[in-house]
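The values are calculated or read from the model by the stated rules, or taken from the named source; none is laboratory data. What you are looking at is a predicted structure, and each value in this text was computed from that prediction instead of being measured. All Cβ positions, glycine included, derive from the backbone under ideal geometry; neighbour counts span all protein chains shown. Side chains included, ligands, DNA and RNA excluded: accessible areas come from the protein's heavy atoms. Shrake-Rupley method; radii C 1.70, N 1.55, O 1.52, S 1.80 Å.
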Amino acid sequence: MAIERTLSIIKPDAVAKNVIGQIYTRFESAGLKVVAARMAQLSRAEAEGFYAVHRERPFFKDLVDFMVSGPVMIQVLEGEGAIAKNRDLMGATDPKKAEKGTIRADFADSIDANAVHGSDGEDTAKNEIAYFFPALNVYSR
Ligand code: RTP
Ligand code: MG
């Protein structure tokens with residue numbers, strides 16, 4: 001399988017719960033490396049731009065309100081099949097439907113406050129990484 005990069009966000013609910021380290025441990029235990037990272041308080045414009053694909057959806061305003069409600073931790077993960085592997089680690093969008101042992105099953109409270117974001121394909125990964133890391137300094141090791 002190819003080495004890929006994917007964009008991950010630890011959302012405001014999980015940052016507030018102080019579980020950044022526990023979530024990073026899951027990435028690392030699955031063989032994903034954190035190759036870029038920064039904490040940020042997103043502006044409305046940044047959150048709206050990031051989730052622009054959902055602009056017409058009924059949950060869009062709630063999603064943006066939530067994403068700006070506190071700081072987020074944004075990282076690029078690298079590893080074999082990183083895009084699908086991260087989605088597997090995350091679990092289903094609705095934590096009530098997420099498999100036991102996934103990040104969302106263990107740390108998320110609701111479909112709105114669902115702990116993490118992960119790119120859902122090769123094109124979105126590329127665009128989302130460029131969106132938050134326009135000058136990506138990657139540290140191979
Ligand atoms: P994400 O983009 O955050 O990784 O989540 P996802 O791929 O699992 O889900 P997506 O369909 O891309 O939706 C983005 C976020 O919008 C919220 N959502 N609410 N109320 C609803 O029916 C609903 N559907 C989606 C979720 O917070 C989801 O993470
Ligand atoms: Mg999505």
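Observations, loosely collected:
- Reported count of residues in the stretch 110-125, each being assigned to a helix (DSSP H, G or I) and either near ligand 1 (Cβ under 10 Å from one of its atoms) or more than 25 Å from residue 21 (Cα to Cα) (or both), is 3.
- Subset of the stretch 85-102 that is of a type in the set (Asp, Glu) and more than 10 Å from ligand 1 (Cβ to nearest atom) - its residue that is farthest from residue 32 (Cα to Cα): 99
- Taking the criterion of being surrounded by fewer than 16 Cβ atoms within 10 Å (Cβ to Cβ) and either among the charged types (D, E, K, R) or part of a strand (DSSP E or B) (or both), the residues of the stretch 38-83 that qualify are 38, 39, 40, 44, 55, 56, 57, 61, 62, 65, 80.
- Those residues of the stretch 29-50 which are closer than 15 Å to residue 10 by Cα and without any contact (Cβ under 8 Å) to a residue 24 or more places away in the chain, in sequence order: 47
- Among (1) within 13 Å of the chain's Cα centre (by Cα); (2) more than 18 Å from residue 33 (Cβ to Cβ) - the single one residue 123 does not satisfy: (1)
- Residues being within 15 Å of ligand 2 (Cβ to nearest atom) and open to solvent by less than 40 Å² (accessible area, probe 1.4 Å) - total across the stretch 114-139: 11
- Only residues that are among the hydrophobic types (A, V, I, L, M, F, W, C), over 22 Å from residue 129 (Cβ atoms) and either within 12 Å of ligand 2 (Cβ to nearest atom) or at pLDDT below 95 (or both) were counted in the stretch 51-68, giving 1.
- Boolean, residue 33 is more than 15 Å from ligand 1 (Cβ to nearest atom), of a type outside the set (S, T, N, Q) and surrounded by fewer than 18 Cβ atoms within 10 Å (Cβ to Cβ): no
- Leading residue by the ranking (farthest from ligand 2 (Cβ to nearest atom)) among those in the stretch 97-109 that are assigned to a helix (DSSP H, G or I) and free of Cβ contacts under 8 Å to residues at least 12 places away in the same chain: 106
- Screening residue 66 with (1) in contact with an Asp or Glu (Cβ under 6 Å, 6 or more places away or on another chain); (2) among the aromatic types (Phe, Trp, Tyr); (3) more than 11 Å from ligand 1 (Cβ to nearest atom) gives one miss only, at (3).
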